[in-house]
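This report refers to the structure that appears directly beneath it.
Bear in mind that the values in this text are calculations on the coordinates, not laboratory data. Predicted model, so just to flag it, every value in this text is computed and none were measured. Neighbour counts run over all protein chains shown; Cβ positions are idealised from the backbone, glycine included.
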Amino acid sequence: MSVTDSTSGPTLNQVLANSARTTTTDTSLGGASKAVAGSSSLGKDAFLQLLVTQLKNQNPLDPQDNTAFVAQLAQFSSLEGITTLNDSVNSITGGLQSSQALQASSLVGRSVIVQTGEAYVDPASGKPFNGTVVVKDADSKPTITITDADGEVVRTIDMGTQKAGNVDFTWDGKDDDGLLLDKGNYTFTASSKTDTTTTALTTYLPATVNSVTLSKTGGEIMLNLAGLGSIGISKVQTIGL
């Protein structure tokens, strides 16, 4: 009586072929480095993989000092902390820029006082033009000379004897003959005279903010003033209505 095994199984040749195959796993430090090379940054998992591989492949007769691994862990911890801090700073910077943009946008259409010798004036508006002169010496006699865009002197304002400090002045938009002038850019030149010398003075004049320019690199916000061009927001002395 013969017995036949009807179950199918691998042949002898298949068994020999499978036994000849070997599965190799690169557990060297170089292999671990290649495994994490595809990552754009060294994260926690990749760092621990390299550290464990380094432990496995150390020379048993000359093992690494424990302090070396502790130092590596400390360096990685410091790097991770710096990275987290950098992300936090970037987030704060973005929020600050957004806040500055909102604040700067609220200046559009408002009047600001800036240190300048030129201003855009519309005499026909009926509003007096107010400015400030910085008087340096006591008992001096400041004078303001106003010229139009063509360089013609249209008005001279004698402020009389003044004390040192900021002195306000008002111009009604008329020339020396009492005629109302056209709107446009006018230059204000202030000086003070004593018995022996003439000194140039600083003037602060109003201007209207037409628009605001934000820096893409985190620089200073620039205000675009009517008839005057751009000026840094740090140069604004006073913000009016």
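Under a Cβ-Cβ cut-off of 12 Å, what is the net charge of the residues other than ILE113 that fall near it, where Lys and Arg count +1 and Asp and Glu count -1?
Surrounding charge for ILE113 is +1.
Can you compute log10 of I(q)/I(0) for region 70-208 with the Debye formula, treating each Cα as one identical point scatterer, at q = 0.15 Å⁻¹?
At q = 0.15 Å⁻¹ the computed log10 ratios are -0.81.
Going by C-beta contacts inside 10 Å, put LYS216, LYS235 in order with the fewest on the left.
LYS216, LYS235
Please compute the net charge surrounding THR194, taking Lys and Arg as +1 and Asp and Glu as -1 over other residues with Cβ under 12 Å from its Cβ.
Cβ neighbours under 12 Å give a net charge of 0.
Within a Cβ distance under 12 Å of GLY160, other residues only, what is the Lys/Arg minus Asp/Glu net charge?
Values: positive: LYS141, LYS163, LYS193; negative: ASP139, ASP158.
Result for the local shell: +1.
Mind counting lysine pairs for me in region 111-206? Cα separation below 14 Å, and the two need to be 8 or more apart along the chain or on different chains.
Going through region 111-206 pair by pair, I get 8.
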